[in-house]
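Working notes for the structure below.
The values are calculated or read from the model by the stated rules, or taken from the named source; none is laboratory data. No experiment lies behind these values; they were computed from the predicted model shown. Cβ placement follows ideal geometry from the backbone for every residue including glycine, while neighbour counts extend to all protein chains displayed. Calculation scope for accessible area: heavy atoms of the full protein, side chains included, ligands and nucleic acids excluded. Shrake-Rupley method; radii C 1.70, N 1.55, O 1.52, S 1.80 Å.
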Amino acid sequence: MQGCYISNLCPEVGIWLVDKPNITILWTANRDDLPVPLNSTIEFTRHGLLLRTHQGDEKTITQLSEQPASASMLDSGNFVIYGNESQVIWDSFDSPTDTILGGQSIDSQLVASRSTSDHSSGQFYLDVDDDGLASYPVNHTGIPEECYWKVHILISHGSLVLNLSLSGALQLTAGIETLQIIANSSYPANSKTVIYRATLDPDGILRLYSHRFEISGNSNVTTEWSAKLKQCKVTGFCGFNSFCSSPGGIADCYCFPGFKYINPGVRNLGCYKSFNEEEGCERNEPEAFILVLRIQCWEVILTLCYQ
């Protein structure tokens, strides 16, 4: 594991897994802030971790209730700050972003990153509550159909927790009781060369990964399990004024006629209108428009021309 870092390639502060030849971002501090300026530094002070830019600006990375005494990057991937009596006063496992690691438990949310290179908050979240697990688009309206993946479970006591064991079992627990194993790894439980993570990926799908390390330091990444195989089944996978299709099994987003991509390089951001009323709805060319009776992602009725 790599401790809190500032990357010149990704101007952010966080924790990554050093799995040559690539790196995997596991946790990002203040993920929705502006990018960290280059030549910035991280300092461990009596207020905790402090980001200091070369212009002299300062920003606290960790909010602490008491003065820290020491900090440690654990082999588990958890960055821990200790108080004067060696008690834990802050750790990164308690404030996850889009990933949990082996030995980590959460009782709140994971929020997907915007993309594999942009680790700010994205379009989807996974919620843990007393009814189980549920995945939604971030700006959902509460319609039940917007929940595109769910594990329903009833508990009689305690609070529900999503846990990833050190052996790669993704499970729902309450207290010391394991209520349901959602996914399991394919490697022996005693393997010391494998690190597991469960990530809510930018496409809104929860996946269990294993990183198997070799003596050389290189690693092989395997997708052990996926919550949903078809991306087009994810509510909101494509943005406004677009639809999802998967010719050849590869999901992609397409604009309706008369619309263009907001960003052709990131097609799932949606599309904008590229016509005005005179050349659009009033030009009497009905073949240029499509009446969409049902878009599976949103389950609403849309038309390209509004009254």
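Residues in segment 205-218: is at least one in contact with a helix residue (DSSP H, G or I) (Cβ under 7 Å, 6 or more places away or on another chain), part of a strand (DSSP E or B) and either under 18 Å from S167 (Cβ atoms) or not β-branched (V, I, T) (or both)?
Within segment 205-218, none of the residues are in contact with a helix residue (DSSP H, G or I) (Cβ under 7 Å, 6 or more places away or on another chain), part of a strand (DSSP E or B) and either under 18 Å from S167 (Cβ atoms) or not β-branched (V, I, T) (or both).
Pairs needed: first member in segment 19-44, at positive phi; second member anywhere, of a type outside the set (S, T, Y) and open to solvent by 70 Å² or more (accessible area, probe 1.4 Å); C-beta distance under 6 Å; at least 6 residues apart or different chains.
Correct list of pairs: N39/H54.
How about segment 205-220: which of its residues are within 23 Å of S113 (Cβ to Cβ) and surrounded by 14 or more Cβ atoms within 10 Å (Cβ to Cβ)?
I205, L206, R207, L208, Y209, S210, H211, S219
Being part of a strand (DSSP E or B) and either surrounded by fewer than 18 Cβ atoms within 10 Å (Cβ to Cβ) or among the aliphatic types (A, V, I, L, M) (or both), is that true of even one residue in segment 258-269?
yes
Among all residue pairs at least 6 apart or on different chains, which show Cβ distances below 8 Å where the first residue, located in segment 218-230, is among the charged types (D, E, K, R) and the second is open to solvent by 50 Å² or more (accessible area, probe 1.4 Å) and in a loop (DSSP other than H, G, I, E, B)?
E224/N184; E224/S186; K230/S246
How many residues does segment 70-88 hold that are surrounded by fewer than 19 Cβ atoms within 10 Å (Cβ to Cβ) and outside any loop (DSSP other than H, G, I, E, B)?
Going through segment 70-88 one residue at a time, the tally reaches 7.
Within the bounds of segment 178-198, is there any residue that is open to solvent by 40 Å² or more (accessible area, probe 1.4 Å) and within 23 Å of S113 (Cα to Cα)?
Within segment 178-198, one or more residues are open to solvent by 40 Å² or more (accessible area, probe 1.4 Å) and within 23 Å of S113 (Cα to Cα).
What are the residues in segment 70-117 that are of a type in the set (D, E, K, R) and touching a Pro at 6+ places or on another chain (Cβ under 7 Å), if any?
Listed by number, the list holds a single entry, R114.
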